[in-house]
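A quick write-up on the structure given underneath.
Laboratory data are not the source of any read-out in this text; all were calculated from the coordinates shown. Computed from a predicted model, the values in this text were never measured in an experiment. Quick reminder, even Gly has a Cβ in these numbers, built from the backbone with ideal geometry, and neighbours come from all protein chains shown.
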Amino acid sequence: MSYIQEVIEQTEQKNPGQPQFMQTVKEVLTSLAPAVEQNEAKLRKNVILERMVEPDRQIIFRVPWMDDKGVYHVNRGFRIQFNNAIGPYKGGLRFQKDVNLDTMKFLAFEQTFKNSLTSLPMGGGKGGSDFDPVGKSDDEVMRFCQSFMTELYRHIGKDMDVPAGDMGVGGREIGYLFGWYKKIVGDYSNGVLTGKGLSYGGSLIRPEATGFGATYFLEEVLKHEGENIKGKTFALSGFGNVAWGAAKKISELGGKVLTLSGPDGYIYDPDGVSGEKVDYMLEMRASNRNKVKDYADKFGVQFVEGKKPWGNVKADIYMPCARQNEILLEDAEAMVKLGVPVLNEVSNMPTTNEAIAFLQSHGVLVAPSKAVNAGGVATSGLEMSQNSERLSWSAAEVDEKLKGIMAGIHNQICDALHTYGMDYNLVAGANLAGFKKVADAMLAQGLY
Ligand code: GLU
C-alpha cells in the first residue's frame, strides 16, 4: 500500500465520526502523490504525513453564560492548535450552532496549508463554539465572549496562538474578546487577536480582505486564461462579511453579481449587486435576522425560497461564500449542464471531493478555497506586523500588499505544478505548494 494510503487509513481508524476532517485529509493527501513519491523514504522515516494529520493540541472546554432573562446556559468551546512549524498558530474562531470537533479539525488542517501559501510566518489553528449568535442581544454575546475568553486566554498569545474572526465572529465579538483578555492578563498585547477595530490596533482593509483577496486571486486565474472580470456574471452564496467584500470588489472591477443567499434561500438581482445594495448587505448582517429575503423585499427582486443558486442560475463564475459542503455532486452535475466554466471557492471546503472530481473531469476550472480565501488571514498577518511595529499602514498600502500576496500564491501554485510537470490543476498545485513549506520546516526542526 502506498505511504499516502496507509496514512489515510490510519487517520480514518483513529478519528471515527469525523467525516469533514477525513474529507480534507483525503483531498490534500491524495494530491501530494508527486511530492511524496520523490522523497518517500525521508518523509516516511520522519513520519511527516502522520505528524501532519495529528494536531499538536486539541483544547475543549466548557463555556457557561447567562442570557438576558437570567437563564444559565452551557456551550462547548474549542481551540485546535494544529501545526506551528512555520509560525505561531493562526486562524479564526467560528460561533455557529453546528460547530463540533470535526468542523474545528477540518478547518484547522486546511488553515495550516492556507497560511503556508500566504508566505507569511503563520502556523495553523482554529477554534470556536456551538454557540448560536442568531437572535442574541449584544449583552448576551458579550457575556458569552467573556466566558469563552476566561478559558481561552491561557492558551493564546501574540507569539503563541493568534485567533481572529470566522462565521459568527466579527468586529463586535473580537472587541469583547480582546477587552476581556486585557482584563485578565493585564497588558496591552493587542497582537493576540486580529480583526480588531481600528481604534485599538486593527488594520485597514481587514474587513474587506477575504472578499477582495478572492477577487484578486480570480483575476490572476482569468489572466492566465487570457480573460478578465469586466462584463462577467457571478453567482455568490452567503451575504456576510466575505460575500460583501467580494461583491464590492467585483462590482468595482465591472463584474455583475446576480445572486446572494442565506439559510432561507437565494435572491436573483438581474441588475447586479452594487453601490447601495452592497452597503445594504452590512445592514442585513447587523440586523441579526439571517434572512436574505430582506434584500428581495427592499429592492424588489426575485427571492427563491429554500434553494441554492448552484445549478439554478447561469453565470460565468460561481463563488460560494457561505459554508462547507454547499456544492454537492448533484449541484456539480447541474452546473456542468448549465455550462458554468469557473468555480472560485471562497468559503472553506464548499465543494465535496466527488463534486470537485466531477467538475475537473468535465473541464470546469476549480480554484480551491485554501488559495482563494487566504487574503483574509494574510491581512491578519499584516495586522500582526503593524501591531509589532506599533504603526498603522494606509488602506492603499495594505491593499497593495494583499494584491501582491494573492498574485504570489498564484505564482507558487504555478511553480509547484511546473516542478511536477503537471497541467493547470489549481487544487493539486495549492496543496503541493502549501505542503512543501510546512514539510521543509518540520524536517529541519527534527522529531517533535
Ligand atoms: N477565518 C478566516 C479564515 O478562514 C481568517 C482567519 C484569520 O484571520 O486568522 O482563514
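Things to note:
- Ignoring lysines fewer than eight residues from residue 182 along the same chain, the ones with Cα atoms less than 22 angstrom from its Cα are 90, 126, 158, 196.
- Between the range 292-334 and the range 107-165, the alpha-carbon center distance in angstrom: 28 Å
- In sequence order, calculated HN-Hα J values of the range 380-396 (Karplus, 6.51, -1.76, 1.60; Hz; x Gly/Pro): 4, x, 5, 5, 4, 4, 5, 5, 5, 6, 6, 9, 10, 8, 6, 4, 4
- Principal axis analysis of the Cα atoms in the chain yields extents of 59, 55, 43 Å, listed in decreasing size.
- Stretchable slack from residue 137 to residue 6, in nm (0.36 nm times residue separation minus alpha-carbon distance): 42.3 nm
- Subtracting the Cα-Cα distance of residue 414 and residue 228 from their residue separation scaled by 0.36 nm leaves 65.1 nm.
- Once the Cβ-Cβ distance of residue 253 and residue 407 is raised to the sixth power relative to R0 = 22 Å, the FRET efficiency obtained is 0.90.
- Gaussian network model of the chain, Cα within-10 Å springs - most flexible of 213, 255, 434: 255
- Out-of-range pairs (alpha-carbon distance over 20 Å; input 370/403; 114/291; 230/401): 114/291; 230/401
- Under 20 Å from a label point set 7 Å out along the Cα-to-Cβ vector of residue 286, the amide N atoms of the range 96-136 belong to 133-136.
- Straight-line cross-link partners of residue 69 among the aspartates and glutamates, defined as a Cα under 12 Å from its Cα and at least 8 positions apart when in the same chain: 139, 140.
- When the square roots of the Cα gyration tensor eigenvalues are ordered a ≥ b ≥ c, the ratio a/c for the range 259-353 is 1.5 or more and a/b exceeds b/c, which makes its shape prolate.
- Spacing of the two label points (7 Å from each Cα toward its C-beta) at residue 54 and residue 271, in nm: 5.9 nm
- Inter-part distance, the range 405-428 to the range 432-448, computed on C-alpha centroids, equals 18 Å.
- Cβ crowding within 10 Å averaged over residues, with 1-10, 347-356, 19-28 ranked highest first: 347-356, 19-28, 1-10
- A full extension of the chain between residue 448 and residue 184 corresponds to an added length of 91.9 nm, given 0.36 nm per residue minus the alpha carbon distance.
- Mean Cβ neighbour count within 10 Å, used as a protection proxy, ranking 125-134, 41-50, 215-224 highest first: 125-134, 215-224, 41-50
- Estimated inter-spin distance, residue 423 and residue 159, nm [label 7 Å along Cα→Cβ]: 4.8 nm
- Assigned charges on the beta-carbon of Lys, Arg, Asp, Glu; the chain dipole about Cα centre (debye): 800 debye
- Farthest toward the positive end of the dipole of the range 42-86, out of 59, 82, 49, is the Cα of 49, where the dipole comes from beta carbon charges about the Cα centre.
- Relative contact order of the chain, taken over Cα pairs closer than 8 Å and 6 or more residues apart, is 15 percent.
- Looking at the chain, the DSSP beta bridges with both ends there are about 55 percent antiparallel.
- Quarter of Cα convex hull surface for the range 228-274, i.e. mean projection, nm²: 2.9 nm²
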